[in-house]
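**Q** Before I ask anything, here is the structure I am working with.
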Amino acid sequence: MEINTNKVKTLRECVKEVGEKGVAIGHFNISNLEGLHGVYNAAKKLKVPIIIGLSEGEEEFVGKNEAVALIKEIRENDSYPIFLNADHHYSFESVKGAIDAGFDAVIYDGANLSFEENVLIAKQCVDYARLVTQNTGRDIMVESEIGYIGSGSNIKETIPEGAGIKTKPEEAKRFVEMTGVDMLAPSVGSIHGLIKSGKPHIDETLVKEIKDTVGIPLVLHGGSGLRDEDFTNGIRAGISIIHINTEIRVAYLEALKKSMLDNPNEIAPYKILAPAVEAIEKVVENRLKLFNNIK
Ligand SMILES: [Zn+2]
């Protein structure tokens, strides 16, 4: 894939810039074109960079090459800083697949493996990304996860067993030095999905400690359901990217259900789905305002 780098900033440049400004880039997952339009409409309105995420399941449903083509089209046609990330890919092969297809960033998630195994595969992913960068000129960022924060963008009754064990700064530092990853997703109090009983919250002292120890951009996962001040405190402490998925899934589904109930005889998908696009746009706009300190 050839990226037009004449005008549009790279993801690495955008991440550096938000770190300096004390704001964060929003990362939102999509499963379809409606999702992409909802997220992009909100970003465009606020003129902020945006990352579109595809988990392994979402990627299989949307199609790797189709997703790359869509993002590339928007970025080049609108000269807009929009990027595609392979969210939580669990093997070297699946990370490689995303890199080969033209993704801008990948997350190798080996958080459920031993430290040694996690290091080994994360390093393999970094080496491959560097090789492709060298051969093509594309700048691919690699993120890894250390410490378990649960998995799945869904609604959970309680915090899953084993989740919420926080990342130790010294271990994070060793991990970064041994792998050379560009960004790190630590476990600092948030949990993937929406938790019905109790609210997780961000340990900002730990975020700051990890940030000062590892010295690379940090990414916050499991952002759905957190309080506004958790985000602002997290950003102040050193978070550069924030992931939201469950909240937009819920907004999409509720709007879609309502749309179908309100218009039982409507059969045109674009009419049935329009309110779902708007619902995603609204959630994303609110989150982006918060992350980018826009009143
Ligand atoms: Zn995540």
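**Q** Search region 164-177 for residues that are in contact (Cβ under 8 Å) with a residue 60 or more places away in the chain and pair each with any residue that is open to solvent by less than 20 Å² (accessible area, probe 1.4 Å) when their beta-carbon atoms are under 6 Å apart and the residues are at least 6 apart or on different chains.
**A** F175/I146
**Q** Now, a different point. Taking the condition of being farther than 19 Å from H221 by Cα and open to solvent by 10 Å² or more (accessible area, probe 1.4 Å), how many residues in region 17-39 meet it?
**A** Qualifying residue count, region 17-39: 7.
**Q** If you check G147, G225, G198, G164, which single one turns out to be in contact with a Ser or Thr (Cβ under 9 Å, 6 or more places away or on another chain), closer than 24 Å to S31 by Cβ and at pLDDT below 90?
**A** G225
**Q** Now for a different question. Going through region 244-265 one residue at a time, which ones are under 15 Å from S224 (Cα atoms) and in a helix (DSSP H, G or I)? Lay out the reasoning, then the answer.
**A** From region 244-265, those under 15 Å from S224 (Cα atoms) are 244-252; that's our starting set.
Across region 244-265, the qualifying residues are T246, E247, I248, R249, V250, A251, Y252.
**Q** Related question: Restricting to region 180-199, name every residue that is closer than 14 Å to D230 by Cα and open to solvent by 20 Å² or more (accessible area, probe 1.4 Å).
**A** K199 - this is the single residue of region 180-199 that is closer than 14 Å to D230 by Cα and open to solvent by 20 Å² or more (accessible area, probe 1.4 Å).
**Q** Answer yes if at least one residue in region 214-224 is farther than 26 Å from E117 by Cα, touching a Gly at 6+ places or on another chain (Cβ under 6 Å), in contact (Cβ under 8 Å) with a residue 60 or more places away in the chain and among the small types (G, A, S), and no otherwise.
**A** no
**Q** Failed condition for I241, given (1) outside any loop (DSSP other than H, G, I, E, B); (2) farther than 20 Å from V23 by Cβ, with all others met?
**A** (2)
**Q** Has region 138-151 got any residue that is within 18 Å of I242 (Cβ to Cβ), away from the ligand (no atom under 14 Å from the Cβ) and buried (at least 16 other Cβ atoms within 10 Å of the Cβ)?
**A** Yes, the conditions are met somewhere in region 138-151.
**Q** Hey, can you tell me all the residues within region 81-104 that are crowded, with 24+ Cβ neighbours inside 10 Å and within 13 Å of the ligand (Cβ to nearest atom)?
**A** The answer is N85, A86, D87, H88, H89.
**Q** While we're looking at this one, here's another question. In this structure, is K208 under 28 Å from E58 (Cα atoms) and either basic (K, R) or open to solvent by 20 Å² or more (accessible area, probe 1.4 Å) (or both)?
**A** Values: under 28 Å from E58 (Cα atoms): no; either basic (K, R) or open to solvent by 20 Å² or more (accessible area, probe 1.4 Å) (or both): yes.
Here the answer is no, as K208 does not meet what is asked.
**Q** Also, quick follow-up: State the number of residues belonging to region 244-258 that are of a type outside the set (A, V, I, L, M, F, W, C) and open to solvent by less than 10 Å² (accessible area, probe 1.4 Å).
**A** Residues meeting the conditions: 1.
**Q** Within 16 Å of the ligand (Cβ to nearest atom), touching a residue at least 40 places away in the same chain (Cβ under 8 Å), open to solvent by less than 60 Å² (accessible area, probe 1.4 Å) and closer than 19 Å to S151 by Cα: is that true of A122 in this structure?
**A** Details: within 16 Å of the ligand (Cβ to nearest atom): yes; touching a residue at least 40 places away in the same chain (Cβ under 8 Å): yes; open to solvent by less than 60 Å² (accessible area, probe 1.4 Å): yes; closer than 19 Å to S151 by Cα: yes.
Here the answer is yes, as A122 does meet what is asked.
The values are calculated or read from the model by the stated rules, or taken from the named source; none is laboratory data. These numbers come from a predicted model, not from an experiment. FYI the Cβ positions are ideal-geometry reconstructions off the backbone, even for glycines, and counts take in every protein chain you see. Calculation scope for accessible area: heavy atoms of the full protein, side chains included, ligands and nucleic acids excluded. Shrake-Rupley method; radii C 1.70, N 1.55, O 1.52, S 1.80 Å.
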